[in-house]
Structure formats: structure tokens, C-alpha cells
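The values are calculated or read from the model by the stated rules, or taken from the named source; none is laboratory data. Predicted model, so just to flag it, every value in this text is computed and none were measured. Note that we place each Cβ from the backbone using ideal geometry, even for glycine, and neighbour counts take in every protein chain shown. These accessible areas exclude ligands, DNA and RNA; they are computed on the full protein's heavy atoms, side chains included. Shrake-Rupley method; radii C 1.70, N 1.55, O 1.52, S 1.80 Å.
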Amino acid sequence: MKFSFKSIFSINPASLTFCTILLVVFLFLIGLPILDLIELKTYDRRFLSRGQVEPSSAVVMALVDEKSLDTEGRWPWPRSKLGTLVDILSQDGAKVIGFDIGFLEPDENSQLGFISQFDQKVDDLDINNAKLADFIKESKQHADNDLALATAIKNSSAKVVLGYFFHISEANLDYRIEQKEIDQQLERISTSKYSLIKHEDQKLEVDPFIRAYAPESNLEIFTTSADSSGYFNVSTDRDGVVRWMPLMIQCGEDVFPPLALSSAWHYLDRPQLMVKVAIYGVEGIQMGERFIPTDENGQLLINYLGPPKTFPHFSISDILHGKLPQGTFKDKIVLVGATAMGIYDLRSTPFSPLYPGVEVHATVIDNILTQNFITRPKWSKIYDLLAIIVLGALTGIALPRMSALRGFSLAAGLFILHIIIARWLFVHFRVWLNIVYPLMVLAITYTALTVYHYVTEERERKKIKGAFTHYVAPNVIEQMLENPDLLQLGGEEKVLTVLFSDLAGFTGYSERFRPHEMISILSDYFAEMTEQIFTYEGTLKEYVGDELMAIFGAPLDQPDHAERACAAALAMRDRRHELAEAWGEMGRPQLKARTGVNSGSMLVGNLGSRYRFAYGALGDHVNLGSRLEGLNKMYGTEILIGENTAGLVGETFLLREIDRARVKGRVTPERIHELLANSSAALAKEREQALSCYAAGYEAYLQQQWQEALDLFKESLVLWPEDGPSRVMAQRCQIYQETPPPEDWDGVFEHISK
């Protein structure tokens, strides 16, 4: 299929492919919601196909589960109980305690309320008793659950990180928060903001961070006691699945980190923390030597490790009652959250539609500590575009050249291959590449070209079969039927290879065999030789008497046309030798033939007149091929090839330069080579030595060292008595010894006969 400017504006495989690629690239750049949603689902399937990954041992969870509620009573518990939990975890050696629970309102404890009412009544009755006042004060302190928790947090040897959340949009609230209240809330979390934000370009006009309307922070008694705070907001895609964790949210003038990042930061002993902002948006977060990649808005793709309970779950009731071995939490990050029915913070994730929210934060912490990130690098979009273009182009180029079954196999193979590559890169390199759009361009291109092929197939089949049935092998005709654009019924100039083969002494057999026997022998011979030509997809030009001519490289383009012609010549020679043995037993003649092969620029096509035309080739290099076939008789060889052909076949075949000759009817001399065998063929040791002697003798011959050349050619004949070129060159050396050539002799021998 040729892609040209003209072909784009007509309905053909090229234009259909081009338009399909253009359409899908456009849809990819603008983003079609339904296709983007399908891509998200393929992303989830990649997690499921990868399977579960073992997490690090650094993160565990202390949970308010069903067992805890049965043991400790209904939720919410008095915060003094959580204070006890903090004390136990701290004493057991926990390094960080993170709360996926907010302490946003005072603990409504009935005992504290009663004592406060009693204190008020004492004041109303004007009872002034110092001991009573001390008793009331002490009772308040013991009954103040918020104070108990705050004290436990303050005295904890483990770093305590509190969780809170942001109201992202004012529109989502049923009420308006006063600016004074927002400022107070921001003040409470001000010690937990990012202290360093590095901008690559200070002139960045658009702020890349996700913005929040207002924070809903913990009570001041807790924020002043804890080491830091972090929000527990997560991002959901349009299908409600949590795939991203925003690692930075701006509220007011400051930018704040999430609970997971703050917990990991304290676990790593608070290395330098810096947000990096490039000209296109957020680049990521530098945490000491660790770098955390994000998208341009500062969101991290969560690398989920498995289904719920991938991380260790511990019931808080077991912790409070000392049922766990000592040291269970030593040097751990302990996330405190809830999984009990009714207070369950449920999230939909790639692994499960019911996934504990606290385990999402545990996963992010593990990703940071192990540097095990899923990324969508900046080059991925370029890769996705190239995948769309390459898959579309490959399908568009290859499909018109194939049968329906092969075309379907190719499309299915490319379809599966792209999925395998995308999954492999995801599993082994944790890179997210698009699957949907490249597969869509493949599917649309395949469908469009299949319909086009169905509509035009019958007309093209009749056209091609009528033109080439008698010229080429059936498999070549099938290729033409699959690729009608390659067919040129008129003449065109191309670089091709021609093969001429003529039987030696066949005319003399007419005295021994009757005409119908001669025709039968010749028919059988041509059938065998044509089969070899068709095996290498050559085009049979004609039979003339006992000679045949074949073309390689037309009508279908064959970049390796020279190699095909040489391989066919050797196959014809080998088959002829086999026939000689079989026919000898039948009383038929043991046929010998001479073959000439030459490559070059020729005029090829349906040539002739309005009365009769035939497919063939014309030109100087065609004539040279015929001359080479005739020169075999002069040199006693079977297959001679021209220097153009020798240059094209490279090291694929074993060649021998025979002579530099000027054939009759041509001014330009030619380096003539003998085609001996495939390069992989094993020659007898004596023959290899004979070839070496010939090469050395020919070199001496060119240097006009006649005696040395003669000795070497004779040595070659001793090793290989049947070698015609050695005999011819030895005779020529003897002649030149007696009658030397002119002083300006250039090594070229001029043949005066065909």
C-alpha cells in the first residue's frame, strides 16, 4: 500500500488508515469519557492479573472491629480508652501512631457533665469550701476524656499523627463557614504544612495544587499535643474507585500533606521535605533521599498490594487487654481506624469494592517507604500516541497484503501483543500505559479495511487472475489478490533480476527421439524447472524452444530479488541433477543446462501492441543476462551471474569471480562470477583448495604474471579436473606467454561471439 498525497483524498486503504489514525489521535488528545472509563477498568484488571504483593513489615493497623465493639461497647468510646491505647502502643515500642479518626468535637461524657452541673450548683448556693472545690477540680480532671487522650498523646514516646479532612468545595456544604472559623482551623494545622516548596519557574501563573475551601481539624487540645497532623482525603475517579492519593492540598496560603505522608516522614526521622514544582505542574516530593512522583496536580497513583487484610489487622480490644505478644508493635507505624459495620470507612479500589479506608493510607505509606510506585511518566503520552500511530499503520499496511485469515491473525496478534506489553511494563516496571485507544485504532482500521476489501475484492481478483495466471506461481497470485495496489499493468522502470536457462545440446537429441517424445521430455523438464522458479516466487516470462526466462522482483516488489533468483538457479541445477539420475534409468537423456543471472534497471510490464501483448522485461541488463547464459559454454560452467547480482547477494552464496569480460554488443566490461552454492554448503576439501588456487591464479593473471598464474590454474585442475574456468584460463595464460596483450591491457577479455 503506497501512502501518497493523492491517495489520501480517495477511498482506499491508505486514506482509510490515515483517517482512522487521525480520528483516534484526536479522541485521545481530547479524552472521550466512556473510553477513559474503560481504560480505568483495564488499569484495575492489571492489578488483578498481577496478584498480591507482600507488603513491608513497617505498617500495621489497630482497628475498631466487631470484636472490639462486642468487648468495649458501642462506638464512640470515651477518648480516655483511646488514650490508654496510645499508652500501650507507645510502651510496646511503636514508632509512629497515626489516627484515621478525627477528634473534631468535644467528647460528650455524661460523668463530666454531671460534675460540671454539680460545680455550678455549688456556685449558685454560694458554698465556699476549699476541700470541696479541690475535690470537684480533681474529679473533673479524671472525668475529662479529651484531656486524658491529649495527655497520653503528649507523653507518648511514639510520634503521634492526627487525621483531619478538608472541605474541598463550598458548594458541597449546606452551610457557610465564617472566615474567622476557617482561619482558626488553619492555625491549628499550621505546624503541619509543607515548609519548603521549590518552583522551577517562579513565573508560573497557574497554581498547580488542589485547592480546598476549609479544613475540619481536630480540637486544639489535641493538635497542640500531637507531633503533627495530616488530612485523610482521597481522590475518586468518575467510577467511584480510589486510585489516587493527593499528596498536597492548598488551603489559604499554605500547602498541607496527608496523614500517610506525615506518618512516613516521622517514621523516617523527619528528613528534609520539599515539594518540587516544574513548569508544567507538580513534579513530586523530595523526602530526604527518597523521591515521590506525582501527577501535575500533586496526586500519587496508589500501588495497591492486594485485597483487604493485605496488611496486619489487630483488634483494639486485644491490644487493650494485653492479648498480643510483647513487641508486636516495636518500631512500627500503627494506623488506628475502624472496620466495624456501621462505622466502616469503605472505599472502592481495584482489588475490592469494599476496602477499608485506613488500609488505603497504609498502602500509601508502604509505597513511600519501599519506593514502590506506579507511575505515568511524561513520556507515556508520547508512547501512547506512537502506539496508536504504529498499530494503526501496521494494520493498514499489512492487512491489504494478507488473506482474511492471516489478516485476522495479525490483528488479533497485535491486539494481544499490545495488552501483553502494557501488562508486562505495569507488572515489572510499574508504568501505566494506555491500552484502550491503541486497541481502538487497531479494531477500527481492521473493520474499515475488511469492509473495503470485501467491496473491492471480486473486481480485483478477476483483473489480476486474468493478467498473471500463466506467469507466476499460485502463491504469488494470492499475494497480488491480497495487495492489488502493488499491481502495475503498464510499463515501469525497476531494478530487477532476470534468469535465463538454456538446455545444452538438446537439438542433437531429435535424432534419437521421436517428436512426441521430445515434446514430452521438454514438457516434463520445463514443469520441474518452473516449479523451482515458482518456489522462490519468480515470474515466468516465457519458454522459447529449450530456453526459459524468469523475472524476480516484479510484478510484486521483492527487495531480495537477486537472492531469490540465485536460489532458484541453484535449485534448478540440483533438480536437474536428480532428474539426470532418474531419467538415465528410464532411457531418457541426462539433460544439462546453462544459466545466466543478472540484475539491474529494466523496463517491465505488459509490453507489446494492440494486437498482442505479454508481460515481460526489456533493457541492457536483460540482454546481459542472456549473454551470461551463453558464456557458460565458453567457460565450462553451469551458472554465471553479473557483478550487479554478485553485489546484491553479499555473503548469502558462495561465488567465484571468473573473469573480466566484454560481451558482444556491449561496450562496458563486466566482472563475471560463477554461482557455486549456498554459503552454508560444505564443499569437498579438494574443491575448496582448487577454488583458492584459482583465486590466487586469477590475481597473478591480472598482474600479467603468466607463468605463476599458469602453475596455479594447473594445480587447480589437478585438485578439480572438471573445472572449466581453470582450463580456460590456463590456455589463455599460455597464449599470453607467447603473444602478450597490449601495454594498456586492463584485464578485460573481449568475447566476439554470443
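In the set Glu722, Glu743, Glu670, which member is within 51 Å of the chain's Cα centre (by Cα) and of a type in the set (Asp, Glu)?
Numbers: Glu722 fails: within 51 Å of the chain's Cα centre (by Cα); Glu743 fails: within 51 Å of the chain's Cα centre (by Cα).
Just one listed residue meets the conditions, Glu670.
What number of residues within the range 355-392 are of a type in the set (Phe, Trp, Tyr) and in contact with a Phe, Trp or Tyr (Cβ under 6 Å, 6 or more places away or on another chain)? Residues meeting the conditions: 0. For Ser599, the conditions (1) small (Gly, Ala, Ser); (2) in a helix (DSSP H, G or I); (3) touching a strand residue (DSSP E or B) at 6+ places or on another chain (Cβ under 7 Å) all hold with the exception of (2).
Being assigned to a helix (DSSP H, G or I), under 44 Å from the mean Cα position of the chain (by Cα) and at pLDDT 80 or above narrows it down to one of Glu531, Glu478, so name that one.
On the way: Glu478 fails: at pLDDT 80 or above.
Exactly one residue qualifies, and that residue is Glu531.
Might you check whether a residue that is assigned to a helix (DSSP H, G or I) and either in contact with a Ser or Thr (Cβ under 8 Å, 6 or more places away or on another chain) or of a type outside the set (Lys, Arg) (or both) occurs anywhere in the range 552-562? Before you say what the answer is, go through the steps one by one.
Going through the range 552-562, the residues assigned to a helix (DSSP H, G or I) turn out to be 561-562.
In the following step, the residues that additionally are either in contact with a Ser or Thr (Cβ under 8 Å, 6 or more places away or on another chain) or of a type outside the set (Lys, Arg) (or both) were identified as 561-562.
Within the range 552-562, one or more residues are assigned to a helix (DSSP H, G or I) and either in contact with a Ser or Thr (Cβ under 8 Å, 6 or more places away or on another chain) or of a type outside the set (Lys, Arg) (or both).
Say whether the condition of being free of Cβ contacts under 8 Å to residues at least 40 places away in the same chain, more than 25 Å from Gly625 (Cβ to Cβ) and touching a Gly at 6+ places or on another chain (Cβ under 7 Å) is met by at least one residue in the range 716-725. Within the range 716-725, one or more residues are free of Cβ contacts under 8 Å to residues at least 40 places away in the same chain, more than 25 Å from Gly625 (Cβ to Cβ) and touching a Gly at 6+ places or on another chain (Cβ under 7 Å).
Restricted to helices (runs of 4 or more DSSP H) entirely inside the range 331-441, those with at least 2 residues that are among the basic types (Lys, Arg) and open to solvent by 20 Å² or more (accessible area, probe 1.4 Å) are 404-429.
Scanning the range 99-108 for residues that are closer than 21 Å to Ile365 by Cβ and either open to solvent by 40 Å² or more (accessible area, probe 1.4 Å) or of a type in the set (D, E, K, R) (or both) turns up just one, Asp100.
Selection of first residues in the range 325-337 that are farther than 24 Å from Leu69 by Cβ and of second residues that are part of a loop (DSSP other than H, G, I, E, B) and of a type outside the set (A, V, I, L, M, F, W, C), restricted to Cβ pairs under 6 Å at least 6 apart or on distinct chains, gives the following pairs, ordered by first then second residue: Lys330/Gly93; Asp331/Lys95.
For the range 495-506, check the following and say yes or no: at least one residue is assigned to a helix (DSSP H, G or I), over 22 Å from Ala681 (Cα atoms), of a type outside the set (A, V, I, L, M) and open to solvent by 10 Å² or more (accessible area, probe 1.4 Å). No, that holds for no residue. Reported count of residues in the range 725-740, each being open to solvent by less than 30 Å² (accessible area, probe 1.4 Å) and within 60 Å of the chain's Cα centre (by Cα), is 4.
Candidates Ile285, Ile302: the one that is more than 22 Å from Thr191 (Cα to Cα), touching a Ser or Thr at 6+ places or on another chain (Cβ under 8 Å) and either open to solvent by less than 20 Å² (accessible area, probe 1.4 Å) or at pLDDT 95 or above (or both) is Ile302. Considering the conditions (1) surrounded by fewer than 16 Cβ atoms within 10 Å (Cβ to Cβ); (2) of a type outside the set (Lys, Arg); (3) outside any strand (DSSP E or B), Ser317 is excluded by exactly one of them, (1).
Can you tell me which of Ser262, Ser217 is in contact (Cβ under 8 Å) with a residue 40 or more places away in the chain, touching a Lys or Arg at 6+ places or on another chain (Cβ under 8 Å) and open to solvent by less than 10 Å² (accessible area, probe 1.4 Å)? Break it down into steps so the answer makes sense when it comes.
Details: Ser262 fails: touching a Lys or Arg at 6+ places or on another chain (Cβ under 8 Å).
After ruling out the rest, the residue left standing is Ser217.
Checked against (1) touching a strand residue (DSSP E or B) at 6+ places or on another chain (Cβ under 8 Å); (2) among the acidic types (Asp, Glu); (3) closer than 28 Å to Val334 by Cα, Asp254 meets all criteria but (1). Selection of first residues in the range 535-561 that are free of Cβ contacts under 8 Å to residues at least 40 places away in the same chain and of second residues that are open to solvent by 50 Å² or more (accessible area, probe 1.4 Å), restricted to Cβ pairs under 9 Å at least 6 apart or on distinct chains, gives the following pairs, ordered by first then second residue: Tyr536/Glu563; Tyr536/Arg564; Gly545/Thr507; Gln558/Arg564; Asp560/Leu648; Asp560/Thr652.
Does the range 514-526 contain at least one residue that is assigned to a loop (DSSP other than H, G, I, E, B) and open to solvent by 50 Å² or more (accessible area, probe 1.4 Å)? Spell out how you get there, then give the answer.
The initial filter retains those residues of the range 514-526 that are assigned to a loop (DSSP other than H, G, I, E, B), namely 514.
Retained after the next criterion (residues that are open to solvent by 50 Å² or more (accessible area, probe 1.4 Å)): 514.
Yes: the range 514-526 contains one or more residues that are assigned to a loop (DSSP other than H, G, I, E, B) and open to solvent by 50 Å² or more (accessible area, probe 1.4 Å).
For the range 84-98, taking the residues that are of a type in the set (A, V, I, L, M) and surrounded by 24 or more Cβ atoms within 10 Å (Cβ to Cβ), the one that is nearest to Met61 (Cα to Cα) is identified as Ile97.
Counting only helices (runs of 4 or more DSSP H) wholly contained in the range 4-82, the ones carrying 3 or more residues that are surrounded by 15 or more Cβ atoms within 10 Å (Cβ to Cβ) occupy 13-30, 33-50, 66-72.
In the set (1) surrounded by fewer than 21 Cβ atoms within 10 Å (Cβ to Cβ); (2) closer than 24 Å to Asp36 by Cβ; (3) of a type in the set (Lys, Arg), Arg243 fails one condition alone, (1).
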